[in-house]
Amino acid sequence: MASIHSSHSSKKEENKVNETSYSLEAHDVPEDDYYNVGVTNIEIYSEFYNTPMKRIILFSSIFLVCYSYSLDSTLRKTFKTDATNSFSEHSLVSFVNCFSAIVSAIGELFFARSADIFGRTSIFYICLVFYVVGTIIVATSKGISQFAAGYCIYSFGESGIDMVMQLLVSDFSHLNWRLVAGVIPMLPNVINAWASGTIVSDFSDNWQWGIGMFAIIVPVACIPLAVCLFHMRYMAKKNKKNELKRPWHSNNELSWAQFIRETLFWRLDLVGLITLGASLGCILVPFTLTKKAGKKWAKASTIVPEVIGWAVGLPLYIVWEKFYAKYPLTPLRLIRDRGVYAALVAVFLYEFIYVMEANYMVTVLQVAFNNTSAAATRINNSYEFVSVLTAFILGFFVVFIRKTKRLILFGGTLFFVSYGLFIRYRGGHGCYAGSIAALCVFGFANGFIKYPTRTSLQASAGSHKRMAMITALFTAIGSVGKAMAAAIAGAIWSGLMPGALSSRISNSKVAAKAYSSPLTVIKTYGWNSTIRNEMIEAYRYVTKVLYIVAICLCVPLLIASFLLRDRRLENKVAYDSDSDDPSVLDEEKKV
């Protein structure tokens with residue numbers, strides 16, 4: 001910054017610098033030296049892994065990591081349902097999903113910024129520790145409270161690992177290949193969609209071991225990637241030692257206390273993260289607990305968190321981000337760009353739409369379609385199978401056409417078709433094939449929307465240094481959409497299902513059991529029994545409400561898709577920040 005303040009600088013330039021200065025500029029230290037260690041080092045590492053063979057080894061290692069935690073995530077959808085059912089708290093699936101999604105959103109923002117500051121490798125190892133600890137707590141839980149707490153710790157670590165994988169893929173791929181490379185972490189779902197059903201059947205009576213084994217499997221699967229990262233660093237230190245930056249290294253001009261304050265308090269924006277997470281928790285979690293509250297909106301336990309979230313938390317977050325945060329989580333100058341805000345709105349909406357059907361789908365497939373646990377898992381995963389395969393194949397077309405907007409619009413229109421099928425085939429006789437078709441069409445549509453939208457957003461991000469921030473915003477907004485959908489789906493389910501069951505099942509004890517532990521009840525009351533048919537009718541009624549809410553949101557999703565930019569995807573990692581293109585934006589920094 002010294003050159004900016006030299007005698008040759010104009011008065012206008014000096015004023016501009018003063019308006020956007022950062023506290024470290026007083027020490028005349030370029031911020032990139034200490035706060036973009038991850039970006040600087042990974043750019044050097046990539047120079048030593050630029051041959052086809054080394055890239056294949058690296059991406060194979062990333063694939064192995066993603067395969068392990070993707071299989072875990074796939075199995076947990078079923079094991080989570082089994083666990084809440086075993087605790088006689090089946091309806092609280094929404095509570096676990098909502099709270100863990102909020103934690104994931106915060107984790108994605110936190111770890112993306114941390115990866116830029118401290119390096120991809122350090123953050124990867126830290127996330128792995130959270131992942132293992134959370135998994136152990138979940139596997140040994142004896143009640144819903146311990147289960148939910150462990151699940152949140154696991155979600156925090158899992159969101160970080162997933163974020164690091166996304167960043168590594170972006171670091172080592174060009175924009176025109178970004179869609180293909182970006183789908184690689186999701187390719188394991190093509191295998192897991194079918195393998196998971198067999199594994200679920202083997203652990204059908206012992207979900208604890210089904211979850212707990214991944215505390216060993218995932219760390220072992222991370223070894224090849226750890227070796228690759230170590231080898232990159234070894235080569236970089238051997239050939240370009242003077243250019244490498246040291247993570248966790250304070251500027252000599254600052255004390256460690258000052259460095260930590262500047263890093264944790266300002267750069268990572270802990271105040272913003274905590275305020276945002278607390279606000280979302282206060283607003284969304286009460287929706288998932290309304291049944292527990294009895295007369296839901298008449299209870300202080302429901303009203304007080306809502307008031308705190310809406311009247312205190314969100315306004316406080318907005319004021320902090322607008323006037324006090326030096327590096328806000330949601331920089332307005334970046335978000336104001338049409339290519340950015342349209343993509344963020346789109347990811348929020350399609351994650352919301354997805355969770356509205358997915359939240360209770362495993363239960364619905366077993367109760368209303370007479371599937372076994374293994375079959376329900378495979379059918380539910382057919383969505384991911386079709387989605388990932390579609391996006392991967394589509395990526396090779398994008399390499400040559402280098403445009404994504406029309407593809408995204410096509411996917412948006414297919415969302416209407418898929419939810420039309422969901423509404424038509426909601427359970428009972430004659431609906432089995434229709435339900436599978438609905439999930440496959442939904443997955444096909446998602447392959448045209450989710451991953452191309454992320455690529456479009458990254459093309460609008462500007463420089464490589466903003467890649468982590470914009471990717472984190474994308475995934476975090478998606479997690480918020482999941483959390484909100486889980487909360488609303490939980491409120492609809494817990495608000496309507498007890499009445500729907502009790503009005504159809506004359507035995508009040510059976511009706512209560514059918515609500516709290518439906519997977520246990522269907523073992524007693526088989527297909528075509530009177531009780532089972534009454535349960536199916538109740539499920540058809542409640543799921544219709546869920547699906548109608550979702551299909552209504554397909555309209556704003558299509559509008560957001562129209563607003564996206566249609567930038568040409570060039571053969572480069574990111575567009576330079578000094579580009580003349582108006583969609584290449586400057587990161588907003590404030591005092």
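Just so it is clear, none of the values below were taken in a lab; they were calculated from the coordinates. Remember, it's a predicted structure, so these values are computed and weren't measured experimentally. Every residue, glycine among them, receives a Cβ derived from its backbone with ideal geometry; neighbour counts consider all protein chains shown.
Ranked by the mean number of other Cβ atoms within 10 Å of their residues, highest first, the peptides 348-358, 403-413 fall in the order 348-358, 403-413.
Cross-link pairs exceeding 20 Å between alpha carbons, from the set Lys465/Lys572; Lys142/Lys482; Lys405/Lys544; Lys403/Lys450: Lys142/Lys482; Lys405/Lys544.
Note on Arg402 and Arg338: the model spin-label points, each 7 Å out from Cα along the C-beta direction, lie 2.1 nm apart. Distance between the C-alpha centres of region 466-541 and region 306-323: 31 Å, rounded to the whole angstrom. The residues packed around Ile548, meaning those with a beta-carbon under 15 Å from its beta-carbon, carry a net charge of +3 if Lys and Arg are +1 and Asp and Glu are -1.
Here the 3J(HN,Hα) profile of region 344-350, calculated from phi with Karplus coefficients 6.51, -1.76 and 1.60 at θ = phi - 60°, is 5, 5, 5, 5, 4, 5, 6 Hz, Gly and Pro shown as x. The separation of region 362-416 from region 184-237, counted between C-alpha centres, amounts to 22 Å. Rounded to the nearest 0.05, the FRET efficiency derived from the C-beta distance between Phe230 and Ile423 at R0 = 60 Å is 0.70. How much length would be gained if the chain were fully extended between Lys237 and Ile393, taking 0.36 nm per residue of separation minus their Cα-Cα distance, in nm to one decimal? Going from the current span to full extension adds 52.4 nm. Using the rule -39500 (n - 2.57) for each DSSP H run of four or more residues, divided by the residues of the chain, the 222 nm mean residue ellipticity is -23500 deg cm²/dmol. Remark: C-alpha extents of region 172-222 on the principal axes read 47, 23, 11 Å, sorted largest to smallest. For region 104-156, the square roots of the Cα gyration tensor eigenvalues, ordered a ≥ b ≥ c, give a/c of at least 1.5 with a/b no greater than b/c, which places it in the oblate category. Among rounded, prolate and oblate, which fits region 48-121 when a ≥ b ≥ c are the square roots of the eigenvalues of its C-alpha gyration tensor, a/c under 1.5 means rounded, and a/b larger than b/c means prolate? In terms of gyration-tensor shape, oblate.
For the peptides 475-481, 491-497, 503-509, residues were scored by their other Cβ atoms within 10 Å and the scores averaged per peptide; the highest-first order is 475-481, 491-497, 503-509. Give the residues of region 366-387 whose amide nitrogen is closer than 14 Å to a point set 7 Å from the Cα of Trp527 in the direction of its Cβ. What the label zone holds, given the 14 Å backbone N cut-off, is 366-376.
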